[in-house]
Amino acid sequence: MGYDGSPAANAAIEAGASLFPNARGRVTYLWGPPFASAKVRRRLRARARDVDELVEMVEHEGEQEAHRLVAVGVTLARTAGWEAEPLLRRTFGNEGLRIAQVADELQTELVLVGSRGLGGTQAVLGSVSDMVVHYASRPVLVVPYPMLAAEHAALAEGPVAVGWDGSAGAEKAFAAASRLFPDRDVLLVSVDEGGDTVLPAASASAGRKVLQLKVDRGRGFHARTIYDALIGSAREHNAAVVVVGSRGRSAAREILLGSVAMGTLHHSHRPVLVVPSEWEAPPES
C-alpha cells in the first residue's frame, strides 16, 4: 500500500484490514524532494557551513524522518492484524507512477491507497491516487477519507457492487471482485438510461443475477448518470466496495473529461476498486 503518514493513509490501513483480514502487505513510502520537512530544513540551514553540507545534512535527516514515518504505518498495519513490512524508496518522479511500478516489481495482487476525498476539479489535479489508478496494471483499491460510521460498518461483511455493462472491462471487474472477495455477495449493477437499449445479459457472470436500474439521463453527461446510479445502488445495498473496470490508459482525456470509472472514484464515499483492462487473474497456486 502507498503510505504518506496522512490521516487518509491511516484510514486506508484501517479499511484495508477490515476488507482483507490477516493479509500480507508492504507499507510503501516514497521519499522524494525536498527530502525533509520544512521545519527540519529550517533548523539545518542555521547549522550548515555551506550549500554542499546543507544538502548532505538534509538528505541524512530526511532519510531518518522517512524511516520513522513508514515505521508508523507498519505499526498501524500490524496492530490491525496484517503481516506488514516497510518499504522505503527514494524517488524523483511521479509518485503515482512510481507506486504502480513498485507494485509490478513486487508482483502484488492489489494496490491500496487512500484518497483525501476531493471532488470535481480538485480531484483531477495532481491526485496521487488518480495517478496510481491511471498507471497501474493491477487492481487498485482507493479508500475515501473521511468515511461515515455506516460506511465503515459495511466494510466487514457488506456485499460488493460491480458496475456491469457486459463489456470486457466489466468482465475483468467481476473476475477481480470474485477473486479478491470470495466470501462476499457480488452484486452486478447495470444502468439503463431508457430508450431502445438492450440491457446486457449475465451470461458470463456465473449465473449471478444482474440488478437492472432504469434512470432518466436528462440533460446530464452520460457517464455521470451511470456512476451516480451505481453509487446510489451501492449505498442502498450497504456495499463494502464498489468495483469498476477501466478502459485503459487514454491519458489526460480519461481523467479530465471523466468516465464511469473515474467518476465513481471521485464521487463515491465507499472504497472503489478499479480493475485495469490489461489485468489477468494470476494462476491458482
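The values are calculated or read from the model by the stated rules, or taken from the named source; none is laboratory data. Values in this document were obtained by computation on a predicted structure and should not be read as measured data. All Cβ positions, even for glycine, are placed from backbone atoms using ideal geometry, and neighbour counts span all protein chains on display.
Kindly indicate which of VAL74, VAL58 is in contact with a Pro (Cβ under 6 Å, 6 or more places away or on another chain) and over 30 Å from TYR227 (Cα atoms). Explain how you work it out, then say what you get.
Details: VAL58 fails: in contact with a Pro (Cβ under 6 Å, 6 or more places away or on another chain).
After applying the criteria, what remains is VAL74.
Rundown of residues vs (1) surrounded by fewer than 19 Cβ atoms within 10 Å (Cβ to Cβ); (2) touching a helix residue (DSSP H, G or I) at 6+ places or on another chain (Cβ under 9 Å); (3) over 23 Å from LEU97 (Cα atoms); (4) not assigned by the TED database to the domain that holds ALA66, yes/no style:
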site	(1), (2), (3), (4)
ALA12	no, no, no, no
GLY16	no, yes, no, no
LEU19	no, yes, yes, no
GLY25	no, yes, no, no
TRP31	yes, yes, no, no
LYS39	yes, no, yes, no
LEU44	no, yes, yes, no
ARG47	yes, yes, yes, no
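Which of (1) surrounded by 15 or more Cβ atoms within 10 Å (Cβ to Cβ); (2) in contact with a strand residue (DSSP E or B) (Cβ under 9 Å, 6 or more places away or on another chain); (3) at pLDDT 60 or above; (4) of a type in the set (Gly, Ala, Ser) is the odd one out, the single condition SER205 does not satisfy?
Unmet for SER205, out of (1) surrounded by 15 or more Cβ atoms within 10 Å (Cβ to Cβ); (2) in contact with a strand residue (DSSP E or B) (Cβ under 9 Å, 6 or more places away or on another chain); (3) at pLDDT 60 or above; (4) of a type in the set (Gly, Ala, Ser): (3).
I'm trying to understand the selection: among the residues of the range 165-192, which are assigned to a loop (DSSP other than H, G, I, E, B) and either surrounded by fewer than 16 Cβ atoms within 10 Å (Cβ to Cβ) or at pLDDT 95 or above (or both)?
Step one: filter the range 165-192 for residues assigned to a loop (DSSP other than H, G, I, E, B), giving 165-167, 181-185.
Matches in the range 165-192: SER167, PHE181, PRO182, ASP183, ARG184, ASP185.
Any idea how many residues of the range 239-260 are surrounded by fewer than 24 Cβ atoms within 10 Å (Cβ to Cβ), out of contact with any helix residue (DSSP H, G or I) (no Cβ under 6 Å at 6 or more places or on another chain) and modelled with pLDDT of 70 or more?
Of the residues in the range 239-260, 0 are surrounded by fewer than 24 Cβ atoms within 10 Å (Cβ to Cβ), out of contact with any helix residue (DSSP H, G or I) (no Cβ under 6 Å at 6 or more places or on another chain) and modelled with pLDDT of 70 or more.
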